[in-house]
Amino acid sequence: MNCGDRGRDEDDEWDENDKLDEDNERDEDDKRDEDEKEEMSVADLTGPVDIPELTNPTEPVDLPELTDIAIVGGGPAGLSAAVNAAARGKRALVFSAGPSPLAKAERVNNYLGEPGLSGQAMMERFIAHALQMGVVIAKGRITGILPMGKQYLLSCGSRVVTAGAVILATGVVRAGGVSGEADFLGKGVSYCATCDGMLYRGKRALVYGLASDAAAEANYLAALGVDVTFLRPGNRPAELSSDIPFYAGTLRAVKGGRTVKSAAIQLIPAPQSPFEPSAGAAPPASVSPPAEPPPKAEGDWEITVEGIFLLREALAPQVLISGVALKDGHIAGDSRMNAGLPGLFACGDCLGGALQVAKAVGEGLAAGQEAAKYLDSLGKDKEN
């Protein structure tokens with residue numbers, strides 16, 4: 001080997017060493033990036049989630065009066081539907097009545113590609129994705145949906161939103177859980193304090209508060225001049241006005257003639273706090289209305305009221321809208337997610353079957369795409 005060959009070999013060796021050093025530096029940089037990603041929380045990845053509140057009637061919210069597709073339910077199915085509707089160029093508005101049951105899951109191990117996430121972390125990512133796609137998410141409970149020609153009117157408190165199509169993603173909700181509820185709907189039974197509160201000014205009403213915003217609704221009724229009594233299982237809500245009597249228990253039946261006259265309730269000791277009934281003499285349990293249960297009372301009682309506000313997180317589909325197709329207590333959707341009326345679709349747990357995140361997300365995708373196709377077909381009909 002001559003001197004020239006040896007020089008070339010040394011140069012090649014230096015090039016090899018330089019390349020190895022560069023590769024090692026890149027590997028170290030990649031490792032640091034991966035470590036940093038692992039240390040990042042879900043909040044770091046998604047950023048803060050700001051959802052407009054619609055439940056406080058004293059605070060007006062900039063809610064669109066018109067949208068292409070309204071989605072009732074802010075869980076995995078509803079958010080998936082919204083994302084896929086937005087991907088098709090449609091304005092999507094999601095109404096979320098409260099936290100999704102998924103948020104309570106300690107760990108989800110069977111969602112493809114995302115093993116080990118908590119339900120809360122998964123929901124934060126779903127919400128962030130929807131917001132990034134331009135989806136509008138509003139916190140509020142839909143109390144009625146009315147078909148009007150080729151559009152739908154949705155009631156949320158005192159607000160009305162018009163949509164070209166509606167997707168029901170309400171989760172598992174049963175109707176008629178209280179005896180007499182359906183019979184007295186509109187005759188003393190209401191699902192919306194904001195809508196009907198003024199009708200009971202100066203009258204006595206029971207708020208059966210199963211929704212997260214029920215205490216705020218009860219406070220609103222009291223501010224209007226309604227004589228409110230609050231009932232729910234468990235402890236007194238911290239945000240409930242101290243002037244409002246509270247009972248821990250359940251509503252068993254609604255009674256009356258042409259209108260509501262009384263409520264049959266079953267009182268159960270609260271886990272950590274005593275009952276806090278309104279002032280007054282404590283009659284024996286056999287006394288008929290207007291009996292007032294005494295402190296720490298238990299068992300069945302009947303109280304005189306002229307109105308009963310049943311505030312649940314969500315209403316059953318057949319209560320929300322007339323004409324929805326049902327089977328075995330669930331919405332009878334078909335392969336295209338149709339729910340019984342033109343422009344009405346459904347997805348997720350309200351369809352029955354396996355109550356799994358993957359199923360809900362897949363059905364939400366189909367419902368969002370089918371709703372977008374439906375609106376496109378209306379446009380083509382106008383053109384023809």
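The values are calculated or read from the model by the stated rules, or taken from the named source; none is laboratory data. Small disclaimer: the values here were computed from a predicted structure and weren't measured. Please note: Cβ atoms are built from the backbone with ideal geometry, for glycine as well, and neighbour counts cover all protein chains shown.
I'd like the residue in region 296-345 that is in the same structural domain as residue 85 (by TED's automatic domain parsing) and hydroxyl-bearing (Ser, Thr, Tyr) and, out of all such residues, is nearest to residue 99 (Cα to Cα).
Going through the qualifying residues, I end up with 322.
Among the residues of region 369-379, are any at pLDDT below 85 and among the acidic types (Asp, Glu)?
No: region 369-379 contains no residue that is at pLDDT below 85 and among the acidic types (Asp, Glu).
All but one of (1) out of contact with any Lys or Arg (no Cβ under 8 Å at 6 or more places or on another chain); (2) exposed (fewer than 14 other Cβ atoms within 10 Å of the Cβ) hold for residue 139, so report the exception by its number.
(2)
Quick check: anything in region 340-359 assigned to a helix (DSSP H, G or I), surrounded by fewer than 13 Cβ atoms within 10 Å (Cβ to Cβ) and of a type in the set (Gly, Ala, Ser)?
no
Could you list all residues from region 351-360 that are hydrophobic (A, V, I, L, M, F, W, C) and farther than 10 Å from residue 78 by Cβ?
Selection gives 351, 354, 355, 357, 358.
Among the residues of region 126-148, are any in contact with a helix residue (DSSP H, G or I) (Cβ under 9 Å, 6 or more places away or on another chain) and among the charged types (D, E, K, R)?
No, region 126-148 contains no residue that is in contact with a helix residue (DSSP H, G or I) (Cβ under 9 Å, 6 or more places away or on another chain) and among the charged types (D, E, K, R).
Condition test on residue 205, is it surrounded by 14 or more Cβ atoms within 10 Å (Cβ to Cβ), without any contact (Cβ under 8 Å) to a residue 24 or more places away in the chain and not in a loop (DSSP other than H, G, I, E, B)?
Considered against the rule, which asks whether it is surrounded by 14 or more Cβ atoms within 10 Å (Cβ to Cβ), without any contact (Cβ under 8 Å) to a residue 24 or more places away in the chain and not in a loop (DSSP other than H, G, I, E, B), residue 205 comes out as no.
Considering only residues that are of a type in the set (A, V, I, L, M, F, W, C) and either touching a Pro at 6+ places or on another chain (Cβ under 6 Å) or free of Cβ contacts under 8 Å to residues at least 24 places away in the same chain (or both), which ones fall in region 127-153?
138, 148, 153
Any idea how many residues of region 328-384 are in contact with a Gly (Cβ under 6 Å, 6 or more places away or on another chain) and hydroxyl-bearing (Ser, Thr, Tyr)?
The total comes to 1.
Only one of these conditions is not met by residue 93: (1) at pLDDT below 95; (2) within 21 Å of residue 367 (Cβ to Cβ); (3) under 15 Å from the mean Cα position of the chain (by Cα); (4) not small (Gly, Ala, Ser). Which number is it?
For residue 93, the failing item is (1).
Output the number of the condition that residue 343 fails; it satisfies all remaining conditions of (1) under 22 Å from residue 267 (Cα atoms); (2) modelled with pLDDT of 85 or more.
Here residue 343 meets the rest and fails (1).
Quick grid of which residues meet (1) surrounded by 15 or more Cβ atoms within 10 Å (Cβ to Cβ); (2) modelled with pLDDT of 90 or more:
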position: 69; (1), (2): yes, yes
position: 72; (1), (2): yes, yes
position: 80; (1), (2): yes, yes
position: 105; (1), (2): yes, no
position: 115; (1), (2): no, no
position: 128; (1), (2): yes, yes
position: 148; (1), (2): no, yes
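Determine the pairs where a residue that is within 18 Å of residue 359 (Cα to Cα) and polar (S, T, N, Q), located within region 89-114, has a partner that is part of a loop (DSSP other than H, G, I, E, B) and at pLDDT 85 or above with Cβ atoms under 9 Å apart, the partner being 6 or more residues away or on another chain.
What qualifies is 100/73; 100/74; 100/75; 100/171; 109/115; 109/116; 110/356.
For region 177-191, which residues satisfy the criterion of being under 12 Å from residue 319 (Cα atoms) and crowded, with 21+ Cβ neighbours inside 10 Å?
If the condition is that a residue be under 12 Å from residue 319 (Cα atoms) and crowded, with 21+ Cβ neighbours inside 10 Å, then 190, 191 are the ones that fit.
Yes or no, residue by residue, for (1) touching a strand residue (DSSP E or B) at 6+ places or on another chain (Cβ under 7 Å); (2) of a type in the set (D, E, K, R); (3) in the same structural domain as residue 345 (by TED's automatic domain parsing); (4) under 21 Å from residue 369 (Cα atoms):
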{"site": "71", "(1), (2), (3), (4)": "yes, no, yes, yes"}
{"site": "86", "(1), (2), (3), (4)": "yes, no, yes, yes"}
{"site": "93", "(1), (2), (3), (4)": "yes, no, yes, yes"}
{"site": "97", "(1), (2), (3), (4)": "no, no, yes, no"}
{"site": "100", "(1), (2), (3), (4)": "no, no, yes, no"}
{"site": "108", "(1), (2), (3), (4)": "yes, no, yes, no"}
